[in-house]
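**Q** Quick one: the structure is below, questions incoming.
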Amino acid sequence: MAVLIRTSDLPAARRHDAWRGIVCDTLGPLDLRIDPDAPLHGEIEFGKLGSVGVGRIQTSTPHSVHRTSGLIRRDNLELYRVVLTLSGSPRLSQDGRNTQLSRGEFAIYDFSRPYELAYDSAVWLAVFSVPRGQLAVPADAVAELAALPITAESGPPRWPCRCCGGWRWTMTRTGPAAPRGCPAWWRTWSAPPWRNASTRPGRCPPTPGSGRC
């Protein structure tokens, strides 16, 4: 994981432009909407785990990001994104659905269709970018779940992902505090410090009640 931006390292006059550049270009293309007079505080980290992008976003400044039809026509990336709420209450909108997520909830959304992700107050989020072909779930099933809150109790039992050097991992039934068999990058998101955690190739979270992958 690399720190893409930490606003405390920048002069106040440069923070908005620098944050916009990271959000709109590196994590986008996206349209950032923020009060230009609002003090901006936050940090973004990003890395790759095989073909999956893994990011962490912390900010206390209200703003929103939008994937518009015009941006999609310009650069139509075949990705799904998953946002996991570690703290705060972000709002996600796609396909006419509007969801306010709570701590421990996550939602999937399609990067090839318009969406909005907004924060009215401080948030701490984990964001995963998964190539469409790597998620072993039918596209119509994902479309039905887009922008709906999912928890360990309410979500589908397993969402295996064919990626990450042969790992299979589950986004549901584990929650933020996943079992020991879960890859370290997932297991430790909600328990910093996590930068020195070691990964465990070839392992995956157990199926609930079975103790097996």
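The values are calculated or read from the model by the stated rules, or taken from the named source; none is laboratory data. What you are looking at is a predicted structure, and each value in this text was computed from that prediction instead of being measured. Cβ placement follows ideal geometry from the backbone for every residue including glycine, while neighbour counts extend to all protein chains displayed.
**Q** Being modelled with pLDDT under 55, farther than 21 Å from residue 62 by Cβ, under 18 Å from the mean Cα position of the chain (by Cα) and not in a loop (DSSP other than H, G, I, E, B) narrows it down to one of 186, 159, so name that one. Before you say what the answer is, go through the steps one by one.
**A** Working: 159 fails: not in a loop (DSSP other than H, G, I, E, B).
The match here is 186.
**Q** Continuing with this model, one more query. Consider residue 77 carefully, then state whether it is over 18 Å from residue 149 (Cβ atoms), modelled with pLDDT under 95, in contact with a helix residue (DSSP H, G or I) (Cβ under 8 Å, 6 or more places away or on another chain) and not β-branched (Val, Ile, Thr). Quick ask: steps written out before the conclusion?
**A** Numbers: over 18 Å from residue 149 (Cβ atoms): yes; modelled with pLDDT under 95: yes; in contact with a helix residue (DSSP H, G or I) (Cβ under 8 Å, 6 or more places away or on another chain): no; not β-branched (Val, Ile, Thr): yes.
No, not satisfied.
**Q** Also: Residue under question is residue 116, and the condition is that it be surrounded by fewer than 17 Cβ atoms within 10 Å (Cβ to Cβ) and either within 23 Å of residue 4 (Cα to Cα) or touching a strand residue (DSSP E or B) at 6+ places or on another chain (Cβ under 7 Å) (or both); does it hold?
**A** Working: surrounded by fewer than 17 Cβ atoms within 10 Å (Cβ to Cβ): no; either within 23 Å of residue 4 (Cα to Cα) or touching a strand residue (DSSP E or B) at 6+ places or on another chain (Cβ under 7 Å) (or both): yes.
Spelling it out, it is not the case that residue 116 is surrounded by fewer than 17 Cβ atoms within 10 Å (Cβ to Cβ) and either within 23 Å of residue 4 (Cα to Cα) or touching a strand residue (DSSP E or B) at 6+ places or on another chain (Cβ under 7 Å) (or both).
**Q** If you don't mind, another one. Taking the residues in the range 73-85 that are under 12 Å from residue 112 (Cα atoms) and crowded, with 16+ Cβ neighbours inside 10 Å as candidates, determine which candidate is nearest to the chain's Cα centre (by Cα).
**A** So the residue we want is 81.
**Q** Let me ask something else about it. Given the criterion β-branched (Val, Ile, Thr) and either at pLDDT 90 or above or part of a helix (DSSP H, G or I) (or both), identify the matching residue among 137, 127. Steps first, answer last, please.
**A** Working: 137 fails: either at pLDDT 90 or above or part of a helix (DSSP H, G or I) (or both).
None of the other options fit; the residue is 127.
**Q** Restrict the check to the range 43-55 and report whether at least one residue is closer than 15 Å to residue 127 by Cα, crowded, with 18+ Cβ neighbours inside 10 Å and modelled with pLDDT of 95 or more.
**A** Yes, the range 43-55 contains at least one residue that is closer than 15 Å to residue 127 by Cα, crowded, with 18+ Cβ neighbours inside 10 Å and modelled with pLDDT of 95 or more.
**Q** Please pick out the residue among 40, 32 that is in a loop (DSSP other than H, G, I, E, B), surrounded by 15 or more Cβ atoms within 10 Å (Cβ to Cβ), without any contact (Cβ under 8 Å) to a residue 40 or more places away in the chain and of a type outside the set (S, T, N, Q).
**A** Numbers: 32 fails: in a loop (DSSP other than H, G, I, E, B).
Checking each option against the conditions leaves just 40.
**Q** Looking at (1) over 19 Å from residue 75 (Cα atoms); (2) assigned to a strand (DSSP E or B), find the lone condition where residue 61 falls short.
**A** Residue 61 satisfies every listed condition except (2).
**Q** Taking the range 40-64 only, how many residues are among the polar types (S, T, N, Q) and over 16 Å from residue 3 (Cα atoms)? I'd like the intermediate steps shown before the answer.
**A** From the range 40-64, those among the polar types (S, T, N, Q) are 51, 58-61, 64; that's our starting set.
Filter again for over 16 Å from residue 3 (Cα atoms), leaving 51, 60-61, 64.
Residues flagged as among the polar types (S, T, N, Q) and over 16 Å from residue 3 (Cα atoms) within the range 40-64 amount to 4.
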